[in-house]
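Before any comments, here is the structure.
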Amino acid sequence: MPDLDIDLLRTFVAIVEVRSFTGASQRLCRTQSSVSLKLKRLEDQLGGRLLHRVQGRVGDLTALGGCLFDHATELLRVHDRALAALEPSRLEGHIHLGIADDTVHRTLSPALARLQVEYPRVEWHVACASSGELEEWLAVERIDLALVNRLDAPLDARLIGEPLRDEPLAWVHHSELSLRPGQPLPLVAFANGCGYQTRALEALNAARYPWRAVYTSNSRASVWGAVGAGLGVAALPLRDLPSVNEMFTVDTSTPLPALKPVHVSIVQRVQDAGDSLSARVCQRLREQFLSSDPLDQVSGDAMK
């Protein structure tokens with residue numbers, strides 16, 4: 001058997017990680033047909049299918065694909081680490097990255113993992129807080145970069161932001177929770193400073209829809225836990241909705257007001273915008289977010 005091609009392995013891993021051919025083509029800056037062709041070349045070389053296609057979407061890994069995936073990811077890590085070690089600039093330093101706890105963590109993990117491999121000389125520290133707090137921390141130089149959910153207010157003059165995508169929100173609650181017409185909406189929300197909470201209150205107050213706070217937390221897991229327990233309704237990202245979990249439902253049966261999206265953005269200090277290390281981190285985060293289509297995530301283009 002001939003040697004495995006790193007480019008073909010990278011294509012295969014990208015398809016599995018982003019769970020779609022479209023997302024993989026965006027991550028790799030290739031056309032979708034090129035991505036499909038590279039996967040076929042790898043399958044032809046190995047003599048079998050690596051993953052199932054379900055009506056054109058990415059399905060389960062085959063036994064061959066499952067065996068290859070772990071080895072492929074390890075090969076790519078070693079390959080990228082070698083390239084980083086040979087890189088003339090040999091970037092090193094400290095990066096303090098702030099992430100809003102309400103941001104979708106599964107989208108970030110692949111990007112952060114690759115950065116650690118590519119730049120082993122960089123010391124990383126990640127802190128979670130509300131989007132509002134993170135912008136305050138940036139302004140006083142407590143952190144270097146932040147990935148936040150922004151609304152429509154202008155940034156502090158000391159900061160500069162780059163929108164990555166709009167995150168659609170929906171009213172989500174337990175499938176067995178009964179909402180009574182005319183009764184205040186039982187609201188589950190993140191604490192002050194969260195874009196989801198602000199969008200929810202904007203919509204409810206503008207529509208003069210009565211509501212009462214039943215559960216507030218700074219923790220993403222706690223908010224989802226409260227919704228799953230049937231305590232109330234929350235404004236949450238469609239992307240984060242568990243697609244195979246019948247416990248949760250997107251509310252369409254009651255006249256709840258429409259929710260505006262939040263703007264997922266990278267924010268940093270103006271004075272640091274030209275820093276090479278910060279620029280590389282921004283680029284990797286940008287690639288990761290632009291490689292993932294929110295509609296793919298909620299329409300079932302996932303490996304089950």
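A few notes on this one:
- Remark: 22, 31, 216 ranked as 31, 216, 22, counting other beta-carbon atoms within 10 Å and listing the fewest first.
- Our summary of shape: the Cα atoms of region 6-86 have principal axis extents of 43, 26, 19 Å, ordered from largest down, in whole angstrom.
- Exposure proxy shown here: for 178, 130, the number of other Cβ atoms within 10 Å sets the order, fewest to most, as 178, 130.
- Remark: 69, 12 ranked as 69, 12, counting other beta-carbon atoms within 10 Å and listing the fewest first.
- For residue 165, residues with placed amide H under 5 Å, excluding near neighbours: 264
- The Rg/Rh ratio for region 109-153 is 1.04, where Rg is the radius of gyration of the alpha carbons and Rh is the Kirkwood radius.
- Part-to-part distance (alpha-carbon centres) for region 210-226 and region 55-84, which is given in Å: 37 Å
- Alpha carbon centroid spacing (whole Å) that separates region 1-21 from region 113-190: 31 Å
- Couplings 3J(HN,Hα) of region 192-201, computed from phi: 3, x, 8, x, 5, 5, 4, 4, 4, 5 Hz, in residue order, whole Hz [Karplus 6.51 cos²θ - 1.76 cosθ + 1.60, θ = phi - 60°; x for Gly and Pro].
Values in this text are rule-based calculations from the coordinates and carry no lab data. Here the structure is a predicted model, which is why all the values come from computation and not from measurement. For neighbour counting, all protein chains shown are included, and Cβ atoms are generated from backbone atoms with ideal geometry for every residue, glycine included.
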